[in-house]
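Student: Take this structure first; my questions come after.
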Amino acid sequence: MKKPIILTGDRPTGKLHLGHYVGSLKNRVDLQNKNKYDMFVFLADQQALTDHAKESEIIRDSIGNVALDYLSVGIDPSKSTIFIQSQIPELAELTMYYMNLVSLARLERNPTVKTEIAQKGFGESLPAGFLVYPISQAADITAFKANFVPVGNDQKPMIEQTREIVRSFNHTYKCDILVEPEGIYPENEAAGRLPGLDGNAKMSKSLGNGIFLSDDADTVRKKVMSMYTDPNHIRVEDPGQIEGNMVFHYLDIFGHKEDQAKIADMKEHYQRGGLGDVKTKRYLFEILERELAPIRERRLEYAKDMGEVFHMLEKGSEAARAVASQTLSEVKEAMGINYF
Ligand code: TRP
């Protein structure tokens, strides 16, 4: 029997951080290891170019890094197809056809795109490619006839837009070739949105408030020691606040079941007074390292042979291309542009 298909990916514009890890990478690895799905994971380098056209070296540099991030968290090329978007020209071709099914007004209303446009302050110089990236994302998803797309909460509008394109295509060309995908979001809304070390709502590379999966243990320790806690908790004996205290927020997210009792005790002690930040931070460092140390070890192992990592990406891209090419020919046939 055919397994349901999963497709997911990231823009390679740097290294992946803990926010990516709890927001989507963990989820993907769990899904992969259920052996119930046919999974495709890809590096959306073309999408990254929509706002980095003049600094394409950033993308080139990060391809290897993000591939290592994937491998080190446990995305396994013997179970999943890992590939690079730009190596599948069929995706660009599908994008071209879908563009005629989406109005400019609809793109301008896409909440994620709207927010990003404001954040990036494009103004009059908004690249056309940036505005239409949700369409290329629909091409990514539909080329593989993905049933499920595990992504962060910020991607909900992309899935919605893809579903509209699928319905419009199938309706316009009187077929049922394209598949309406469903998003799979992090179970825990809070965990899906990891705040930065500084307490900012979002961990992000540009804000410099993150822990990268590739950080060494010393760097992680320093970053944990710099975390935002309770600015009024000055002396150890002072009562401290849990709300907005990033150390406790992270403990809630990264603590396992068996850690819950200890975390509850620490919270109580902290609020009462007598528990210092250095102690809570040391404990958080241990909890994080339990997760990060094995990831780091696997990364170092894979990084010894980058030739092999790129070879894996090449093989994955070939396999992915065969699938996309089949969908494209069905699409062209439905549209009646298969002339010869
Ligand atoms: N937009 C996603 C991001 O910002 C990346 C992406 C591109 C993607 N195409 C996709 C994710 C298709 C899932 C499915 O990270």
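The values are calculated or read from the model by the stated rules, or taken from the named source; none is laboratory data. Keep in mind that this is a model prediction, so the values were computed, not measured. Cβ placement follows ideal geometry from the backbone for every residue including glycine, while neighbour counts extend to all protein chains displayed.
Student: Looking at the stretch 190-275, what helices (runs of 4 or more DSSP H) fall wholly within it and have at least 2 residues that are touching a Pro at 6+ places or on another chain (Cβ under 9 Å)?
Tutor: 246-254, 260-272
Student: Could I ask something else about it? Restricting the search to the stretch 13-25, which residues are under 10 Å from the mean Cα position of the chain (by Cα) and either more than 9 Å from the ligand (Cβ to nearest atom) or not in a helix (DSSP H, G or I) (or both)?
Tutor: Result: Leu16, His17, Gly19, Tyr21, Val22, Gly23, Leu25.
Student: Looking for something free of Cβ contacts under 8 Å to residues at least 24 places away in the same chain, in a loop (DSSP other than H, G, I, E, B) and not small (Gly, Ala, Ser) - is there at least one such residue anywhere in the stretch 176-186?
Tutor: Yes, the stretch 176-186 contains a residue that is free of Cβ contacts under 8 Å to residues at least 24 places away in the same chain, in a loop (DSSP other than H, G, I, E, B) and not small (Gly, Ala, Ser).
Student: Exactly one condition in (1) of a type in the set (Gly, Ala, Ser); (2) more than 13 Å from the ligand (Cβ to nearest atom); (3) touching a residue at least 60 places away in the same chain (Cβ under 8 Å); (4) under 20 Å from Thr95 (Cβ atoms) is false for Gly64; which is it?
Tutor: If we test Gly64 against (1) of a type in the set (Gly, Ala, Ser); (2) more than 13 Å from the ligand (Cβ to nearest atom); (3) touching a residue at least 60 places away in the same chain (Cβ under 8 Å); (4) under 20 Å from Thr95 (Cβ atoms), just (4) comes out false.
Student: Checking the structure you have, find out if any residue of the stretch 70-77 is under 28 Å from Ile117 (Cα atoms) and among the acidic types (Asp, Glu).
Tutor: The answer is no; no qualifying residue exists.
Student: Among the numbered criteria (1) within 13 Å of the ligand (Cβ to nearest atom); (2) of a type outside the set (Ser, Thr, Tyr); (3) within 25 Å of Glu182 (Cβ to Cβ), which single criterion is violated by Arg109?
Tutor: (1)
Student: Report, by residue number, each residue of the stretch 20-48 that is among the aliphatic types (A, V, I, L, M) and buried (at least 23 other Cβ atoms within 10 Å of the Cβ).
Tutor: Once the filter is applied, which keeps residues that are among the aliphatic types (A, V, I, L, M) and buried (at least 23 other Cβ atoms within 10 Å of the Cβ), the stretch 20-48 yields Val22, Leu25, Met39, Val41, Leu43, Ala44, Ala48.
Student: May I ask you to say which residue of Ala53, Ala67 is outside the structural domain of Leu288 (by TED's automatic domain parsing), crowded, with 23+ Cβ neighbours inside 10 Å and of a type outside the set (Phe, Trp, Tyr)?
Tutor: Of the residues listed, the single one that is outside the structural domain of Leu288 (by TED's automatic domain parsing), crowded, with 23+ Cβ neighbours inside 10 Å and of a type outside the set (Phe, Trp, Tyr) is Ala67.
Student: Could you tell me whether the stretch 278-290 includes any residue that is at pLDDT 95 or above, assigned to a loop (DSSP other than H, G, I, E, B) and either among the aliphatic types (A, V, I, L, M) or surrounded by fewer than 16 Cβ atoms within 10 Å (Cβ to Cβ) (or both)?
Tutor: Keep residues of the stretch 278-290 that are at pLDDT 95 or above, which gives 278-290.
Filter once more, so that each one left must be assigned to a loop (DSSP other than H, G, I, E, B): none.
No; the residues of the stretch 278-290 include none that is at pLDDT 95 or above, assigned to a loop (DSSP other than H, G, I, E, B) and either among the aliphatic types (A, V, I, L, M) or surrounded by fewer than 16 Cβ atoms within 10 Å (Cβ to Cβ) (or both).
Student: Still on this structure: When you go through Gly336, Gly244, Gly255, Gly273 one by one, which is the residue that is touching a helix residue (DSSP H, G or I) at 6+ places or on another chain (Cβ under 9 Å) and over 26 Å from Pro12 (Cβ atoms)?
Tutor: None of the other options fit; the residue is Gly255.
Student: Among residues belonging to the stretch 136-174 that are within 11 Å of the ligand (Cβ to nearest atom) and of a type in the set (Asp, Glu), point out the one that is nearest to the chain's Cα centre (by Cα).
Tutor: It comes out as Asp154.
Student: Hey, does the stretch 116-137 have a residue that's of a type outside the set (A, V, I, L, M) and in contact with a Pro (Cβ under 6 Å, 6 or more places away or on another chain)?
Tutor: no
Student: Could you list all residues from the stretch 89-114 that are over 21 Å from Ala334 (Cα atoms) and polar (S, T, N, Q)?
Tutor: Ser103, Asn110, Thr112
Student: Tell me yes or no: at least one residue of the stretch 27-45 is under 15 Å from the mean Cα position of the chain (by Cα), at pLDDT below 95, of a type in the set (D, E, K, R) and part of a helix (DSSP H, G or I).
Tutor: yes
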